[in-house]
Amino acid sequence: PNIGQQPSAQSIISDLQALKRAGFTGIVTYGASGSLGTLIPGLAKQEGFDGLIIGVWNPGSQSEIATAVGWSNLPNLVGYCVGNEGLLDSTYTMPILASAIQQVRGATGKPVTTTEVIDSYLNNPTLLNCGDWVYPNAHPYYHNIKDPTAASQWTVNSYNSLRAQTNQVLIFKEVGLPTAGDPACSPAGQQQYYTLLKNSAAKFNYFEAFDQPWKTWTSVEPYWGVLQSDRAAKPLGQYLSNTYLPNMSFYIYQDAGYFANHYIPSGFIGDTGDLTINTASTQAYSGSTSCQITYSPKGTQGWAGIYWQDPVNNWGTNGSLIATGYDLSLYNSLQLYARSDNPCTVTFEVGGINNAFGDSQTTPVSVTSQLNQSWQLISIPLSGANLSHIIGGFCLSIAKSNNPSGANFYLDEIKFVANQTGSTPPPSPPPAPPAPPPPPAALIPVPGKPGQLVKWAKPPKPARPIKIRPVKVRPIKQARPAKPISERHAYKTY
(Lines give C-alpha, C1' and ligand atoms only; values in the text may rest on other atoms or scores of the structure.)
Protein backbone atom coordinates (compact mmCIF):
# COMPACT_ATOMS: atom_id res chain seq x y z
CA PRO A 1 0.00 0.00 0.00
CA ASN A 2 2.92 2.42 0.47
CA ILE A 3 3.45 2.39 -3.29
CA GLY A 4 -0.21 2.63 -4.23
CA GLN A 5 -0.94 -1.07 -4.68
CA GLN A 6 -4.14 -2.65 -3.35
CA PRO A 7 -4.88 -6.34 -2.85
CA SER A 8 -6.61 -8.31 -5.57
CA ALA A 9 -9.91 -10.05 -5.04
CA GLN A 10 -8.15 -13.44 -4.85
CA SER A 11 -5.67 -12.13 -2.28
CA ILE A 12 -8.52 -10.78 -0.17
CA ILE A 13 -10.35 -14.11 -0.39
CA SER A 14 -7.22 -15.96 0.75
CA ASP A 15 -6.85 -13.55 3.67
CA LEU A 16 -10.48 -13.98 4.65
CA GLN A 17 -10.20 -17.75 4.55
CA ALA A 18 -7.10 -17.66 6.76
CA LEU A 19 -8.96 -15.47 9.26
CA LYS A 20 -11.96 -17.80 9.23
CA ARG A 21 -9.65 -20.67 10.12
CA ALA A 22 -8.47 -18.61 13.09
CA GLY A 23 -12.05 -18.21 14.29
CA PHE A 24 -12.91 -14.69 13.10
CA THR A 25 -16.43 -14.10 11.84
CA GLY A 26 -16.59 -10.37 11.06
CA ILE A 27 -14.87 -7.55 9.23
CA VAL A 28 -14.17 -3.92 10.09
CA THR A 29 -12.88 -1.74 7.28
CA TYR A 30 -11.19 1.59 7.81
CA GLY A 31 -12.17 3.22 4.53
CA ALA A 32 -14.48 2.93 1.53
CA SER A 33 -12.05 3.93 -1.22
CA GLY A 34 -10.49 1.47 -3.65
CA SER A 35 -10.82 -2.23 -2.90
CA LEU A 36 -11.76 -1.40 0.67
CA GLY A 37 -15.01 0.03 -0.62
CA THR A 38 -15.63 -1.97 -3.77
CA LEU A 39 -14.46 -5.50 -2.90
CA ILE A 40 -14.15 -6.31 0.79
CA PRO A 41 -17.79 -5.88 1.94
CA GLY A 42 -19.12 -8.18 -0.79
CA LEU A 43 -16.33 -10.74 -0.45
CA ALA A 44 -16.77 -10.84 3.31
CA LYS A 45 -20.42 -11.73 2.81
CA GLN A 46 -19.48 -14.29 0.16
CA GLU A 47 -16.99 -15.97 2.48
CA GLY A 48 -19.55 -16.28 5.27
CA PHE A 49 -18.55 -13.50 7.65
CA ASP A 50 -21.46 -12.70 9.93
CA GLY A 51 -20.56 -9.15 10.96
CA LEU A 52 -19.39 -6.10 9.02
CA ILE A 53 -18.50 -2.60 10.19
CA ILE A 54 -17.69 -0.30 7.28
CA GLY A 55 -15.21 2.51 7.82
CA VAL A 56 -15.05 5.96 6.27
CA TRP A 57 -11.48 7.23 6.37
CA ASN A 58 -12.12 10.81 5.30
CA PRO A 59 -15.29 12.30 6.84
CA GLY A 60 -15.02 15.18 4.36
CA SER A 61 -15.16 12.97 1.26
CA GLN A 62 -18.66 12.76 -0.20
CA SER A 63 -17.60 10.11 -2.70
CA GLU A 64 -16.26 7.85 0.05
CA ILE A 65 -19.38 8.36 2.15
CA ALA A 66 -21.54 7.50 -0.87
CA THR A 67 -19.63 4.25 -1.46
CA ALA A 68 -19.99 3.26 2.20
CA VAL A 69 -23.69 4.10 2.30
CA GLY A 70 -24.20 2.03 -0.86
CA TRP A 71 -23.62 -1.16 1.14
CA SER A 72 -26.30 -0.34 3.74
CA ASN A 73 -28.59 -3.20 2.69
CA LEU A 74 -26.02 -5.93 3.32
CA PRO A 75 -27.62 -8.37 5.80
CA ASN A 76 -24.41 -8.71 7.83
CA LEU A 77 -23.80 -4.96 8.18
CA VAL A 78 -23.61 -4.01 11.86
CA GLY A 79 -22.77 -0.32 11.55
CA TYR A 80 -20.26 2.31 10.44
CA CYS A 81 -17.11 3.82 11.92
CA VAL A 82 -16.37 7.26 10.50
CA GLY A 83 -12.75 8.36 10.96
CA ASN A 84 -9.88 6.98 13.01
CA GLU A 85 -7.68 9.24 15.18
CA GLY A 86 -8.20 12.11 12.76
CA LEU A 87 -8.94 14.57 15.54
CA LEU A 88 -5.66 13.66 17.23
CA ASP A 89 -3.79 13.99 13.93
CA SER A 90 -5.68 17.22 13.03
CA THR A 91 -6.76 15.57 9.77
CA TYR A 92 -10.30 16.91 10.26
CA THR A 93 -12.29 18.86 12.83
CA MET A 94 -15.09 17.87 15.17
CA PRO A 95 -17.76 19.78 13.16
CA ILE A 96 -16.76 17.91 9.98
CA LEU A 97 -16.77 14.59 11.83
CA ALA A 98 -20.11 15.21 13.55
CA SER A 99 -21.72 16.21 10.26
CA ALA A 100 -20.45 13.03 8.53
CA ILE A 101 -21.70 10.82 11.36
CA GLN A 102 -25.15 12.42 11.17
CA GLN A 103 -25.19 12.06 7.37
CA VAL A 104 -24.31 8.34 7.41
CA ARG A 105 -26.75 7.60 10.22
CA GLY A 106 -29.56 9.44 8.47
CA ALA A 107 -28.92 7.73 5.13
CA THR A 108 -28.69 4.18 6.49
CA GLY A 109 -30.49 3.98 9.83
CA LYS A 110 -27.46 2.05 11.15
CA PRO A 111 -25.41 2.75 14.30
CA VAL A 112 -22.45 5.03 13.57
CA THR A 113 -19.38 5.90 15.65
CA THR A 114 -15.79 7.13 15.39
CA THR A 115 -12.43 6.23 16.95
CA GLU A 116 -9.82 8.23 18.83
CA VAL A 117 -7.18 7.20 21.37
CA ILE A 118 -8.58 6.45 24.81
CA ASP A 119 -7.00 9.47 26.49
CA SER A 120 -9.03 11.74 24.22
CA TYR A 121 -12.30 10.34 25.62
CA LEU A 122 -11.58 10.81 29.32
CA ASN A 123 -13.67 13.65 30.75
CA ASN A 124 -14.75 14.55 27.21
CA PRO A 125 -18.55 14.19 26.97
CA THR A 126 -18.59 15.66 23.46
CA LEU A 127 -16.48 12.81 22.10
CA LEU A 128 -18.15 10.19 24.29
CA ASN A 129 -21.57 11.12 22.92
CA CYS A 130 -20.80 11.82 19.27
CA GLY A 131 -21.44 8.21 18.19
CA ASP A 132 -23.88 5.40 18.90
CA TRP A 133 -21.23 3.40 20.74
CA VAL A 134 -17.79 4.22 22.14
CA TYR A 135 -14.92 2.68 20.14
CA PRO A 136 -11.48 3.92 21.32
CA ASN A 137 -7.99 2.64 20.63
CA ALA A 138 -6.22 1.63 23.86
CA HIS A 139 -2.62 0.47 23.52
CA PRO A 140 -0.62 -0.39 26.63
CA TYR A 141 2.54 -0.53 24.50
CA TYR A 142 2.24 3.17 23.63
CA HIS A 143 1.92 3.87 27.35
CA ASN A 144 5.29 2.11 27.82
CA ILE A 145 3.69 -0.99 29.35
CA LYS A 146 5.10 -4.13 27.72
CA ASP A 147 4.85 -6.91 30.30
CA PRO A 148 1.83 -9.05 29.33
CA THR A 149 0.36 -9.20 32.84
CA ALA A 150 0.80 -5.48 33.50
CA ALA A 151 -0.46 -4.64 30.01
CA SER A 152 -3.65 -6.68 30.41
CA GLN A 153 -4.32 -5.10 33.80
CA TRP A 154 -3.75 -1.62 32.34
CA THR A 155 -6.26 -2.43 29.61
CA VAL A 156 -8.86 -3.60 32.12
CA ASN A 157 -8.31 -0.57 34.35
CA SER A 158 -8.60 1.76 31.35
CA TYR A 159 -11.80 0.04 30.27
CA ASN A 160 -13.31 0.37 33.74
CA SER A 161 -12.32 4.03 33.99
CA LEU A 162 -14.02 4.88 30.72
CA ARG A 163 -16.95 2.57 31.46
CA ALA A 164 -17.71 4.74 34.51
CA GLN A 165 -18.07 7.81 32.27
CA THR A 166 -20.61 6.52 29.76
CA ASN A 167 -23.80 4.46 29.55
CA GLN A 168 -23.16 3.63 25.90
CA VAL A 169 -21.77 0.33 24.64
CA LEU A 170 -17.98 0.42 25.04
CA ILE A 171 -15.66 -1.74 22.92
CA PHE A 172 -11.93 -1.23 22.60
CA LYS A 173 -11.18 -1.14 18.89
CA GLU A 174 -7.40 -1.57 19.15
CA VAL A 175 -5.51 -3.32 21.93
CA GLY A 176 -2.63 -5.78 21.95
CA LEU A 177 1.13 -6.22 22.02
CA PRO A 178 3.55 -6.59 19.10
CA THR A 179 5.53 -9.81 18.75
CA ALA A 180 8.92 -8.42 17.67
CA GLY A 181 10.84 -5.20 17.13
CA ASP A 182 11.37 -4.69 20.87
CA PRO A 183 13.34 -7.03 23.17
CA ALA A 184 10.42 -6.97 25.61
CA CYS A 185 7.95 -8.32 23.02
CA SER A 186 7.41 -11.86 21.75
CA PRO A 187 4.72 -14.13 20.26
CA ALA A 188 4.38 -15.80 23.66
CA GLY A 189 3.87 -12.42 25.33
CA GLN A 190 1.18 -11.49 22.80
CA GLN A 191 -0.69 -14.70 23.50
CA GLN A 192 -0.35 -14.34 27.26
CA TYR A 193 -1.72 -10.78 27.10
CA TYR A 194 -4.88 -11.90 25.29
CA THR A 195 -5.26 -15.02 27.43
CA LEU A 196 -5.44 -12.80 30.50
CA LEU A 197 -7.55 -10.10 28.89
CA LYS A 198 -10.25 -12.40 27.56
CA ASN A 199 -11.03 -13.50 31.13
CA SER A 200 -11.96 -9.94 32.04
CA ALA A 201 -15.24 -8.11 31.54
CA ALA A 202 -13.64 -5.72 29.02
CA LYS A 203 -15.00 -5.88 25.47
CA PHE A 204 -12.26 -5.59 22.90
CA ASN A 205 -11.04 -6.39 19.40
CA TYR A 206 -7.85 -8.24 18.50
CA PHE A 207 -5.15 -6.20 16.77
CA GLU A 208 -4.27 -7.04 13.92
CA ALA A 209 -4.85 -9.56 11.11
CA PHE A 210 -1.39 -10.04 9.61
CA ASP A 211 2.16 -8.87 10.11
CA GLN A 212 2.86 -5.96 7.75
CA PRO A 213 6.54 -5.81 6.71
CA TRP A 214 6.02 -2.53 4.83
CA LYS A 215 5.16 -0.66 8.04
CA THR A 216 8.65 0.56 8.89
CA TRP A 217 8.14 3.87 10.68
CA THR A 218 8.91 2.22 14.04
CA SER A 219 10.62 -1.07 14.81
CA VAL A 220 7.48 -2.78 16.18
CA GLU A 221 4.94 -1.70 13.55
CA PRO A 222 5.42 -4.71 11.24
CA TYR A 223 4.73 -7.22 14.03
CA TRP A 224 1.23 -6.79 15.49
CA GLY A 225 -0.40 -9.60 13.51
CA VAL A 226 -2.38 -12.53 14.81
CA LEU A 227 -1.04 -14.26 11.70
CA GLN A 228 2.30 -13.85 9.94
CA SER A 229 2.50 -11.98 6.64
CA ASP A 230 2.38 -15.35 4.79
CA ARG A 231 -0.88 -16.15 6.65
CA ALA A 232 0.77 -18.75 8.91
CA ALA A 233 -0.61 -18.66 12.44
CA LYS A 234 1.42 -17.38 15.35
CA PRO A 235 0.73 -18.98 18.75
CA LEU A 236 -2.11 -16.48 19.23
CA GLY A 237 -3.64 -17.44 15.89
CA GLN A 238 -3.54 -21.11 16.87
CA TYR A 239 -4.98 -20.24 20.27
CA LEU A 240 -7.94 -18.51 18.66
CA SER A 241 -8.61 -21.22 16.11
CA ASN A 242 -12.21 -22.37 16.06
CA THR A 243 -11.03 -25.91 15.33
CA TYR A 244 -10.43 -26.36 19.08
CA LEU A 245 -13.05 -26.95 21.72
CA PRO A 246 -12.61 -24.59 24.68
CA ASN A 247 -11.49 -26.17 27.93
CA MET A 248 -11.94 -22.99 29.95
CA SER A 249 -15.15 -22.01 31.68
CA PHE A 250 -17.08 -18.86 30.84
CA TYR A 251 -18.26 -17.48 34.16
CA ILE A 252 -21.49 -15.67 34.86
CA TYR A 253 -20.71 -15.67 38.57
CA GLN A 254 -17.71 -16.93 40.49
CA ASP A 255 -17.40 -14.44 43.36
CA ALA A 256 -18.73 -10.94 44.00
CA GLY A 257 -16.67 -8.46 42.00
CA TYR A 258 -14.69 -11.18 40.20
CA PHE A 259 -13.16 -9.60 37.10
CA ALA A 260 -14.19 -12.49 34.81
CA ASN A 261 -17.89 -12.42 35.70
CA HIS A 262 -20.14 -11.84 32.68
CA TYR A 263 -23.73 -10.57 32.50
CA ILE A 264 -25.49 -8.50 35.18
CA PRO A 265 -28.57 -9.60 37.22
CA SER A 266 -30.77 -6.70 36.15
CA GLY A 267 -33.87 -7.95 34.31
CA PHE A 268 -36.60 -8.53 36.88
CA ILE A 269 -39.74 -10.19 35.53
CA GLY A 270 -43.13 -11.30 36.86
CA ASP A 271 -43.95 -9.86 40.27
CA THR A 272 -40.78 -7.80 40.30
CA GLY A 273 -41.20 -6.62 43.88
CA ASP A 274 -41.32 -10.17 45.22
CA LEU A 275 -37.72 -11.07 44.43
CA THR A 276 -34.48 -9.70 45.91
CA ILE A 277 -30.88 -10.65 45.19
CA ASN A 278 -27.70 -10.27 47.22
CA THR A 279 -24.63 -11.00 45.09
CA ALA A 280 -22.25 -10.98 48.07
CA SER A 281 -23.72 -13.55 50.45
CA THR A 282 -21.10 -15.31 52.56
CA GLN A 283 -22.95 -18.64 52.21
CA ALA A 284 -20.57 -19.81 49.50
CA TYR A 285 -20.07 -23.19 47.86
CA SER A 286 -16.66 -22.17 46.55
CA GLY A 287 -14.61 -19.03 47.05
CA SER A 288 -15.92 -16.40 49.44
CA THR A 289 -19.39 -15.37 48.21
CA SER A 290 -22.54 -16.58 46.49
CA CYS A 291 -25.77 -15.09 45.12
CA GLN A 292 -28.62 -15.15 47.66
CA ILE A 293 -32.15 -14.93 46.24
CA THR A 294 -35.17 -14.33 48.44
CA TYR A 295 -38.72 -14.85 47.12
CA SER A 296 -41.68 -13.45 49.08
CA PRO A 297 -44.89 -14.16 47.12
CA LYS A 298 -47.21 -11.16 47.35
CA GLY A 299 -47.90 -10.05 43.78
CA THR A 300 -50.85 -10.87 41.55
CA GLN A 301 -49.00 -12.79 38.84
CA GLY A 302 -47.94 -15.58 41.19
CA TRP A 303 -44.34 -15.78 40.03
CA ALA A 304 -41.12 -13.79 39.76
CA GLY A 305 -37.74 -14.08 38.10
CA ILE A 306 -34.57 -12.31 37.03
CA TYR A 307 -32.37 -12.30 33.93
CA TRP A 308 -28.60 -11.87 33.94
CA GLN A 309 -28.18 -9.52 30.94
CA ASP A 310 -25.48 -7.88 28.82
CA PRO A 311 -25.51 -4.95 29.17
CA VAL A 312 -27.74 -3.99 32.10
CA ASN A 313 -31.47 -4.13 31.27
CA ASN A 314 -30.89 -5.13 27.66
CA TRP A 315 -34.15 -6.62 26.41
CA GLY A 316 -33.12 -6.74 22.76
CA THR A 317 -35.18 -3.76 21.64
CA ASN A 318 -32.36 -1.28 20.99
CA GLY A 319 -30.55 -1.75 17.69
CA SER A 320 -27.53 0.22 18.87
CA LEU A 321 -26.82 -2.65 21.31
CA ILE A 322 -26.60 -5.29 18.58
CA ALA A 323 -22.87 -5.81 19.18
CA THR A 324 -23.40 -6.69 22.85
CA GLY A 325 -24.01 -10.11 24.35
CA TYR A 326 -21.79 -13.13 23.72
CA ASP A 327 -21.33 -15.89 21.19
CA LEU A 328 -21.35 -19.04 23.34
CA SER A 329 -21.59 -21.52 20.49
CA LEU A 330 -18.59 -23.55 21.61
CA TYR A 331 -20.16 -24.42 24.98
CA ASN A 332 -22.58 -27.29 25.47
CA SER A 333 -23.91 -26.79 28.98
CA LEU A 334 -24.45 -24.29 31.75
CA GLN A 335 -23.64 -25.46 35.26
CA LEU A 336 -24.21 -24.02 38.70
CA TYR A 337 -24.34 -25.08 42.32
CA ALA A 338 -27.44 -24.35 44.38
CA ARG A 339 -28.95 -24.94 47.79
CA SER A 340 -31.82 -23.52 49.86
CA ASP A 341 -32.63 -22.95 53.53
CA ASN A 342 -35.85 -24.95 53.09
CA PRO A 343 -37.06 -27.15 50.23
CA CYS A 344 -38.13 -25.14 47.18
CA THR A 345 -38.61 -25.50 43.42
CA VAL A 346 -36.81 -23.19 41.00
CA THR A 347 -36.52 -23.08 37.20
CA PHE A 348 -33.19 -22.11 35.59
CA GLU A 349 -32.90 -20.98 31.95
CA VAL A 350 -30.53 -19.82 29.21
CA GLY A 351 -31.71 -17.45 26.47
CA GLY A 352 -35.30 -16.66 25.60
CA ILE A 353 -35.21 -12.85 25.23
CA ASN A 354 -37.32 -12.90 22.07
CA ASN A 355 -37.11 -9.36 20.68
CA ALA A 356 -35.68 -7.99 17.43
CA PHE A 357 -32.13 -7.67 18.77
CA GLY A 358 -32.45 -10.31 21.47
CA ASP A 359 -31.21 -13.86 21.93
CA SER A 360 -30.47 -16.13 18.99
CA GLN A 361 -32.00 -18.86 21.16
CA THR A 362 -35.48 -17.33 21.19
CA THR A 363 -37.03 -20.10 23.28
CA PRO A 364 -35.35 -20.55 26.67
CA VAL A 365 -33.56 -23.80 27.41
CA SER A 366 -34.56 -24.68 30.96
CA VAL A 367 -34.45 -27.17 33.80
CA THR A 368 -36.55 -27.20 36.97
CA SER A 369 -34.85 -28.30 40.17
CA GLN A 370 -35.90 -29.11 43.71
CA LEU A 371 -33.44 -27.50 46.11
CA ASN A 372 -32.68 -28.43 49.70
CA GLN A 373 -30.07 -27.59 52.32
CA SER A 374 -27.27 -29.49 50.54
CA TRP A 375 -25.34 -27.98 47.68
CA GLN A 376 -26.14 -29.75 44.41
CA LEU A 377 -24.83 -29.43 40.88
CA ILE A 378 -27.42 -28.36 38.31
CA SER A 379 -26.69 -28.63 34.61
CA ILE A 380 -28.63 -27.21 31.64
CA PRO A 381 -27.73 -29.20 28.48
CA LEU A 382 -27.25 -26.83 25.54
CA SER A 383 -26.30 -29.15 22.67
CA GLY A 384 -28.39 -28.07 19.71
CA ALA A 385 -29.19 -24.63 21.14
CA ASN A 386 -28.43 -21.55 19.03
CA LEU A 387 -25.99 -19.68 21.25
CA SER A 388 -24.47 -17.41 18.59
CA HIS A 389 -25.83 -14.22 20.20
CA ILE A 390 -26.93 -14.40 23.83
CA ILE A 391 -27.81 -11.26 25.78
CA GLY A 392 -29.79 -13.15 28.45
CA GLY A 393 -27.06 -15.48 29.66
CA PHE A 394 -28.91 -16.85 32.65
CA CYS A 395 -32.37 -16.62 34.14
CA LEU A 396 -34.19 -18.03 37.13
CA SER A 397 -37.88 -18.05 37.91
CA ILE A 398 -39.90 -19.24 40.86
CA ALA A 399 -43.67 -19.71 41.25
CA LYS A 400 -45.98 -19.24 44.22
CA SER A 401 -47.83 -22.45 43.31
CA ASN A 402 -44.72 -24.51 44.11
CA ASN A 403 -43.45 -22.27 46.90
CA PRO A 404 -46.47 -20.83 48.75
CA SER A 405 -44.35 -19.81 51.75
CA GLY A 406 -41.62 -18.27 49.62
CA ALA A 407 -38.00 -19.33 49.42
CA ASN A 408 -34.46 -18.34 50.32
CA PHE A 409 -31.78 -19.99 48.20
CA TYR A 410 -28.16 -19.59 47.09
CA LEU A 411 -26.38 -19.94 43.75
CA ASP A 412 -22.65 -20.23 43.12
CA GLU A 413 -20.15 -21.13 40.36
CA ILE A 414 -22.55 -20.24 37.52
CA LYS A 415 -20.68 -20.91 34.29
CA PHE A 416 -20.82 -22.18 30.73
CA VAL A 417 -18.64 -25.22 30.12
CA ALA A 418 -17.62 -27.38 27.17
CA ASN A 419 -17.49 -31.08 27.98
CA GLN A 420 -16.15 -32.98 24.99
CA THR A 421 -17.98 -36.12 26.08
CA GLY A 422 -21.12 -34.22 26.98
CA SER A 423 -20.99 -35.70 30.46
CA THR A 424 -21.65 -33.77 33.63
CA PRO A 425 -18.92 -33.72 36.27
CA PRO A 426 -19.83 -35.04 39.72
CA PRO A 427 -21.12 -32.57 42.28
CA SER A 428 -18.28 -33.15 44.72
CA PRO A 429 -15.68 -32.32 45.76
CA PRO A 430 -16.22 -28.57 45.53
CA PRO A 431 -14.45 -26.93 42.57
CA ALA A 432 -10.89 -25.84 43.12
CA PRO A 433 -10.00 -22.15 43.32
CA PRO A 434 -9.51 -20.44 39.95
CA ALA A 435 -6.40 -21.67 38.20
CA PRO A 436 -3.56 -19.24 37.53
CA PRO A 437 -3.27 -17.87 34.02
CA PRO A 438 -1.96 -20.46 31.58
CA PRO A 439 1.69 -20.31 30.55
CA PRO A 440 2.45 -18.16 27.54
CA ALA A 441 2.72 -21.09 25.15
CA ALA A 442 -0.54 -22.78 26.18
CA LEU A 443 -2.93 -23.22 23.25
CA ILE A 444 -6.31 -22.86 24.90
CA PRO A 445 -9.21 -22.23 22.51
CA VAL A 446 -11.60 -19.44 23.39
CA PRO A 447 -15.26 -18.54 22.87
CA GLY A 448 -16.25 -15.82 20.45
CA LYS A 449 -18.61 -12.89 20.64
CA PRO A 450 -21.25 -11.66 18.23
CA GLY A 451 -19.94 -9.57 15.37
CA GLN A 452 -16.36 -10.78 15.82
CA LEU A 453 -14.46 -8.10 14.02
CA VAL A 454 -11.55 -8.01 11.63
CA LYS A 455 -10.09 -4.63 10.77
CA TRP A 456 -8.68 -4.23 7.31
CA ALA A 457 -6.68 -1.71 5.38
CA LYS A 458 -6.57 1.98 6.08
CA PRO A 459 -6.48 4.06 2.90
CA PRO A 460 -3.65 6.52 2.54
CA LYS A 461 -3.85 9.87 4.21
CA PRO A 462 -3.95 12.41 1.39
CA ALA A 463 -0.82 14.44 0.66
CA ARG A 464 1.13 13.02 3.59
CA PRO A 465 4.60 11.62 2.78
CA ILE A 466 5.86 8.44 4.38
CA LYS A 467 8.11 9.24 7.31
CA ILE A 468 9.83 7.27 10.03
CA ARG A 469 8.76 8.91 13.24
CA PRO A 470 9.63 8.13 16.84
CA VAL A 471 6.85 7.55 19.33
CA LYS A 472 5.84 10.84 20.89
CA VAL A 473 5.19 10.76 24.63
CA ARG A 474 2.35 13.08 25.47
CA PRO A 475 1.17 13.73 29.03
CA ILE A 476 -2.53 13.67 28.14
CA LYS A 477 -3.05 12.17 24.72
CA GLN A 478 -2.08 8.59 24.00
CA ALA A 479 1.21 8.58 22.13
CA ARG A 480 1.13 6.78 18.79
CA PRO A 481 3.25 7.16 15.69
CA ALA A 482 1.53 8.65 12.70
CA LYS A 483 0.02 6.19 10.26
CA PRO A 484 0.51 7.77 6.83
CA ILE A 485 -0.67 4.80 4.79
CA SER A 486 -3.10 1.93 4.94
CA GLU A 487 -3.03 -0.95 7.43
CA ARG A 488 -4.82 -4.28 7.85
CA HIS A 489 -5.94 -5.44 11.25
CA ALA A 490 -7.86 -8.34 12.77
CA TYR A 491 -10.33 -8.40 15.60
CA LYS A 492 -12.22 -11.00 17.54
CA THR A 493 -14.57 -9.36 19.98
CA TYR A 494 -15.33 -10.48 23.54
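The values are calculated or read from the model by the stated rules, or taken from the named source; none is laboratory data. Computed from a predicted model, the values in this text were never measured in an experiment. Ideal geometry is used to build each Cβ from the backbone, glycine not excepted, and the neighbour counts take in all protein chains shown.
Close contacts from region 364-376, counting a first residue that is closer than 12 Å to residue 395 by Cβ and a second that is outside any strand (DSSP E or B) and among the aliphatic types (A, V, I, L, M), with Cβ to Cβ under 7 Å and a gap of 6+ residues or different chains, come to 365/382; 365/385. What are the residues in region 99-141 that are touching a strand residue (DSSP E or B) at 6+ places or on another chain (Cβ under 8 Å) and under 21 Å from residue 178 (Cα atoms), if any? Once the filter is applied, which keeps residues that are touching a strand residue (DSSP E or B) at 6+ places or on another chain (Cβ under 8 Å) and under 21 Å from residue 178 (Cα atoms), region 99-141 yields 115, 116, 117, 118, 135, 136, 137, 138, 139. Note on region 26-38: residues that are surrounded by fewer than 24 Cβ atoms within 10 Å (Cβ to Cβ) and among the β-branched types (Val, Ile, Thr) total 1.
Can you say whether residue 308 is of a type in the set (Phe, Trp, Tyr) and either over 29 Å from the mean Cα position of the chain (by Cα) or not in a loop (DSSP other than H, G, I, E, B) (or both), as far as the supplied structure shows?
So residue 308 passes the test.
Out of the residues in region 110-129 meeting the condition of being of a type in the set (A, V, I, L, M, F, W, C) and touching a helix residue (DSSP H, G or I) at 6+ places or on another chain (Cβ under 6 Å), tell me which one is surrounded by the most Cβ atoms within 10 Å (Cβ to Cβ). Result: 112. Residues that are part of a loop (DSSP other than H, G, I, E, B) and touching a residue at least 24 places away in the same chain (Cβ under 8 Å) within region 383-404 comprise 383, 385, 386, 387, 388, 389, 391, 400, 401, 402, 403, 404, listed in sequence order.
All told, residue 16 falls short of being surrounded by 21 or more Cβ atoms within 10 Å (Cβ to Cβ), at pLDDT below 90 and not polar (S, T, N, Q).
Select, from 288, 374, the only residue that is at pLDDT below 95, assigned to a loop (DSSP other than H, G, I, E, B) and surrounded by fewer than 15 Cβ atoms within 10 Å (Cβ to Cβ). Answer to the check: 288.
Is one or more of the residues making up region 334-341 closer than 30 Å to residue 168 by Cα and modelled with pLDDT of 95 or more? For region 334-341, residues closer than 30 Å to residue 168 by Cα and modelled with pLDDT of 95 or more: present. Of the residues making up region 312-370, those that are under 30 Å from residue 26 (Cα atoms), assigned to a strand (DSSP E or B) and β-branched (Val, Ile, Thr) number 2.
None of 78, 134, 56 is at pLDDT below 95 and under 28 Å from residue 165 (Cα atoms) except 78.
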